[in-house]
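The values are calculated or read from the model by the stated rules, or taken from the named source; none is laboratory data. Note that this is a predicted model, so its numbers are computed, not measured. For neighbour counting, all protein chains shown are included, and Cβ atoms are generated from backbone atoms with ideal geometry for every residue, glycine included. Side chains included, ligands, DNA and RNA excluded: accessible areas come from the protein's heavy atoms. Shrake-Rupley method; radii C 1.70, N 1.55, O 1.52, S 1.80 Å.
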Protein chains: 2
Amino acid sequence: MEGDSATIHITETPKERKGKAPLLATPPASSSIKPVVQKAPKRGYKRGLAILDVVLRIAGIAAALGAAIAMASTEETLPFFTQFFQFQAQYDDLPAFTFFVIANSITAAYLALSIPISIVCIVRPHLVVPRIILIFLDTVMVALTTAAAGGAASIVYLAHNGNSDANWPAICQQFSDFCQAVSGAVVASFLTVVVLMVLVVLSAFSL
Amino acid sequence: MEGDSATIHITETPKERKGKAPLLATPPASSSIKPVVQKAPKRGYKRGLAILDVVLRIAGIAAALGAAIAMASTEETLPFFTQFFQFQAQYDDLPAFTFFVIANSITAAYLALSIPISIVCIVRPHLVVPRIILIFLDTVMVALTTAAAGGAASIVYLAHNGNSDANWPAICQQFSDFCQAVSGAVVASFLTVVVLMVLVVLSAFSL
């Protein structure tokens with residue numbers, strides 16, 4: 001068809017032919033531009049999610065580090081003591097609390113180390129591999145932090161209420177300040193868990 | 001350029017012109033076929049992941065249900081008793097164990113209910129919304145099950161070893177069968193957690 005019209009309109013000026021060529025070339029050009037136009041808001045949306053990701057990671061570091069420090073730095077010494085024994089409570093009396101401090105420190109360290117990967121996701125929102133790595137490690141950290149928080153929570157509950165069936169007395173009647181600090185640390189740890197869960201879902205959304 | 005060649009080769013037969021036209025039209029045609037060819041194995045890969053998803057969910061139901069039943073059905077009555085009191089241990093003596101039974105039952109029920117959504121992902125591997133829903137709910141279930149398993153684990157540890165600082169005696173010396181069954185339930189629950197974590201990462205891979 002196009003060849004036919006060229007032979008019929010042989011009297012046209014070269015200028016108009018030059019004007020026609022771009023017209024024919026236009027459709028493929030516009031089709032190669034369109035995806036870019038459609039991608040632009042999607043890329044901006046992904047970049048927004050990636051920035052939110054970094055902000056949440058910083059919040060997670062604060063919560064995890066707060067939980068670890070609150071747990072590790074709390075100790076209470078009772079004002080009375082016998083000749084051989086002083087009544088003192090601190091986190092390494094209970095293995096669950098020691099695990100809690102270790103797990104929350106690991107989570108805080110991981111979150112700090114994952115920020116560079118998250119920044120890579122801001123700079124290059126289309127990369128998939130860093131996101132998969134982040135989802136995998138975030139999920140592992142959700143499990144680690146939740147196990148620590150759950151373990152500490154059940155010990156804190158026991159410390160507050162005791163258990164008559166197992167003959168375990170409530171120790172918070174004596175160590176009330178210690179128990180309050182420990183309860184706060186557990187709450188902070190559960191906050192970290194929530195942040196990590198939101199991170200996993202955000203990364204899934206970005207994919 | 002193309003218009004020029006048409007005016008120069010004006011003496012060519014229409015046959016050869018016809019032969020040329022498909023040659024010019026070929027690139028867009030092949031580029032529209034290629035993505036279909038590339039999509040075919042990707043869809044098969046996604047379908048394979050979706051089938052693995054369903055299999056893992058069934059394994060998760062078995063583990064979670066096993067953990068809940070093992071914990072709920074275990075009780076031990078000691079062969080000696082006083083006139084007013086009989087020594088008996090069962091899961092609802094300890095709130096952490098009660099939470100464990102409830103959480104694992106919820107997880108088993110959720111996994112059973114999520115199988116239809118997972119089957120939708122087998123039938124239509126390109127759908128994104130069901131996968132996002134599954135990732136979100138799976139992550140919530142990871143947290144719930146891990147909190148329950150961690151809480152129960154720290155109580156089981158306490159039951160085995162006791163704690164001299166808090167003056168909590170080890171009860172497993174008396175209730176050894178109960179402690180063994182409970183430990184098994186905790187291990188089964190952690191297996192459920194691993195299955196759920198693999199499910200989250202699998203869903204992320206599919207996206």
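Looking at the structure I just gave you, is B:S176 at the interface with chain A (Cβ under 8 Å from one of its Cβ atoms) and hydroxyl-bearing (S, T, Y)?
No.
For region B:173-206, what are the residues that are outside any helix (DSSP H, G or I) and surrounded by 20 or more Cβ atoms within 10 Å (Cβ to Cβ)?
Matches in region B:173-206: B:F175 only.
Looking at region A:117-168, which of the residues that are within 9 Å of chain B (Cβ to nearest Cβ), open to solvent by 20 Å² or more (accessible area, probe 1.4 Å) and under 16 Å from B:V193 (Cβ atoms) is modelled with the lowest pLDDT?
Here the answer is A:F136.
Matching residues to (1) modelled with pLDDT under 85; (2) not in a loop (DSSP other than H, G, I, E, B):
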position: A:L78; (1), (2): yes, yes
position: A:F84; (1), (2): yes, no
position: A:A89; (1), (2): yes, yes
position: A:F97; (1), (2): no, yes
position: A:S105; (1), (2): no, yes
position: A:L111; (1), (2): no, yes
